[in-house]
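What follows is a single structure, written as structure tokens, with notes after it.
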Amino acid sequence: MRKIFAASALVIGFGLFGLSASSAMPLAPLGQAASGDTIQVAGGCGWGWHRGPYGGCRPMYNCPPGWHSGPYGRRCFRNW
């Protein structure tokens, strides 16, 4: 009986949580364009690099045309 009550309380709780109308991020007005003083950057690492899990720059391990990446993207193999 306890398991049924616990399961029903969990389902009701998730149902009420899904019905809430609040949002953490407000939406911008539809007619407003992006500001002109915004500069888009590619993470600050440069071409062929990306940010790692701790914020450092890491290589993307992309292979040249005619090659494909192997397991975990560590090695390039020819496309035969």
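Grab the Cα-Cα distance for H68 and R51, subtract it from 0.36 nm times how many residues apart they are, and report the gain in nm with one decimal.
Length gained between H68 and R51: 3.9 nm.
Explain nothing, just compute: Karplus ³J(HN,Hα) = 6.51 cos²θ - 1.76 cosθ + 1.60, θ = phi - 60°, for every residue of the stretch 58-63 in order, whole Hz, x for Gly and Pro.
Karplus-based 3J(HN,Hα) across the stretch 58-63 equals 10, x, 7, 6, 8, 9 Hz.
Bear in mind these aren't lab numbers, they're just calculated from the coordinates by the rules spelled out. This one's a predicted model, so the numbers in the text were calculated from it and none came from an experiment.
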